[in-house]
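Okay, so here's the structure we're looking at.
The values are calculated or read from the model by the stated rules, or taken from the named source; none is laboratory data. This is a predicted model, so every value here is computed, not measured. Here the Cβ is made from the backbone with ideal geometry for all residues, glycine too, and neighbour counts use every protein chain on show. Remember, those area values only see protein heavy atoms, side chains included, never the ligands or the DNA or RNA. Shrake-Rupley method; radii C 1.70, N 1.55, O 1.52, S 1.80 Å.
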Amino acid sequence: MANIISIVGRPNVGKSTLFNRLIESRKAIMDNQSGVTRDRHYGYGEWTDQYFTVIDTGGYVVGSEDIFEGAIREQVELAIEESTVVLFMVDTMTGLTDLDKDFANVLRRFNKPVYLVANKAETTDRYQSANEFYELGLGDEIFAISAQTGFGTGDLLDAVITHFETPGIEDPEAGIPRIAIMGRPNVGKSSFLNVLTGTDRSIVTDIAGTTRDAIHTHYNAFGMEFILTDTAGLRRKSRVNEDIEYYSTLRSIKAMEESDVCIILLDATLGLEGQDVTIIGQADKAKKGIVIMVNKWDLVEKDSKTADAFKKALLEKLAPMNYMPVIFASVVEKQRIHQVMEMAMQVYKNKTKKITTSKLNDVMQAEIEKYPPPAHRGKYINIKYMIQLPTPSPTFVFFSSNPKHVQAPYLRYLENRMRENFDFAGVPITIFFREK
């Protein structure tokens, strides 16, 4: 990526507010509580036909009681290293602090253009008080802005884009398949992402709820490119008891809706629980490709029959949502991790597969002859032909007489025959009947 702007500073100075302002979307979670942002968070913006990437970072602190402090600092420094321009945000309401001074010294270690951005300058007094930040000795100009209202951000961007060597790409993610990593809290989603990318892309701890925002990462493997999204763990609604977790849940659901394939992680030591079924059901309802990854398989005592028995019981509980592949893996031991990705790629191909009308009719008419649709209430059903619709997931229309009398068991028969003949593993199929 080129034209990268990172937003850094101590906690609660308005970094996420400015991030949302620059990308013109409420993508990052904002809250008056400090420490809301933890991982690096990417978005895309445009200013006077210049396209750029924006990185939101966690608040840089030293000596706090926050157990994520060290990991957040590492994420901030990684963001600075990959930046074209750094926006160092300070707070005119609080004024110059020792932590601002310490962080200014950190920035001097990096050979990057730095703009000092004095936020919350909504009043004349605060606007004028921004001059005290000249003491930090970073640059010849301080940009007093209000990230909340947008005041001053245009002048800031005018200065920032002078450092861009290319116009950039309008949407670097356009046309790239998206894979969302989903599951309950603490099943290993962030660890899975970090193993795949070979970097500490997401902060990992044993504490449930460590990931808050949906974290996007470009991933290249097997000759294909994907956008991987690490999401916050999804709990039952009754257990979501704070605003930050509520918005984390919304971000996770939005990431699922924007994805093509969901890799849903289960904890092998706990088995399939009610919340797992709910998450799988949400992905099925949204017509997403699904791969089930049973993580922590290394912690299970097993013999040669354990995996088969586990998978059989799992799919029986999920029926009729039992069309998705199941892979037993261990993130810690790095077992079958890339097999999960290969399967996700295959599911994406299945989801985007187009079957010609002639082949569809040849194959399915033969299956219908083996088992014609039974009559219902004296109404006979004669299926004439079928077509595939140009939809994001496999959707088919069967034209017949008396379509309203086709019953659910026969729909399941047709779906199963289509899966067998055309390999739609991991993909929900939609079948409509219409009058002919």
> Taking a probe of 1.4 Å, how large is the accessible area per residue of the range 110-202, in Å²?
Replying inline: 46
> Which value in Å is the Kirkwood Rh of the range 277-436 over different Cα pairs?
Replying inline: 17.5
> Packing-wise, with mean Cβ within 10 Å as the measure, how do 76-85, 324-333, 352-361 rank, highest first?
Replying inline: 324-333, 76-85, 352-361
> Please report, for the Cα atoms of the range 86-200, the Rg to one decimal and the Dmax as a whole number; what are they, in angstrom?
Replying inline: 19.0, 50
> Applying the Karplus parametrisation 6.51 cos²θ - 1.76 cosθ + 1.60 with θ = phi - 60° to the phi angles of the range 368-376, what ³J(HN,Hα) value in whole Hz is obtained for each residue in order, glycine and proline being reported as x?
Replying inline: 5, 5, 5, 9, x, x, x, 5, 9
>> Amide H of Met182 versus every other amide H placed in the peptide plane: which residues, excluding those fewer than 5 positions away on the same chain, fall under 5 Å?
In response: Ile263, Ile264, Leu265
> Any idea what diffusion coefficient the range 266-318 gets from Stokes-Einstein, in µm²/s, Kirkwood Rh on alpha carbon pairs, 4 °C, 1.567 mPa s?
Replying inline: 108
>> Through the Karplus equation 6.51 cos²θ - 1.76 cosθ + 1.60, θ set to phi - 60°, convert the phi angles of the range 176-181 into ³J(HN,Hα) values in whole Hz; use x for Gly and Pro.
In response: 8, x, 10, 10, 9, 9
> Counting only the heavy atoms of the protein chains, how much of Thr217 is accessible to a 1.4 Å probe, in Å² to the nearest 10?
Replying inline: 20
> From the cross-link list Lys317/Lys349; Lys311/Lys334; Lys305/Lys349; Lys287/Lys379, which pairs have alpha carbons spaced over 29 Å apart?
Replying inline: Lys305/Lys349; Lys287/Lys379
> Amide H to amide H, which residues 5 or more places from Phe151 or on other chains are under 5 Å from it, using H placed in the peptide plane?
Replying inline: Ser146
>> I'd like the Karplus ³J(HN,Hα) series for the range 325-330: coefficients 6.51, -1.76, 1.60, θ = phi - 60°, whole numbers in Hz, and an x wherever there's a Gly or Pro.
In response: x, 10, 10, 8, 9, 9
> Tell me which lysines have Cα within less than 30 Å of Lys15's Cα, excluding those fewer than 8 residues away on the same chain?
Replying inline: Lys27, Lys101, Lys112, Lys120, Lys189, Lys237, Lys254
>> How charged is the neighbourhood of Phe399? Take every other residue with its Cβ under 13 Å from the Cβ of Phe399, and add Lys/Arg as +1 and Asp/Glu as -1.
In response: +2
>> Can you give me the long-range amide H partners of Asn119? Hydrogens built in the peptide plane at 1.01 Å from N, cutoff under 5 Å, separation of 5 or more residues or another chain.
In response: Val90, Asp91, Thr92, Ile145
> Can you give the Rg to Rh ratio of the range 356-422, both from alpha-carbon atoms, with Rh computed by the Kirkwood formula?
Replying inline: 0.95
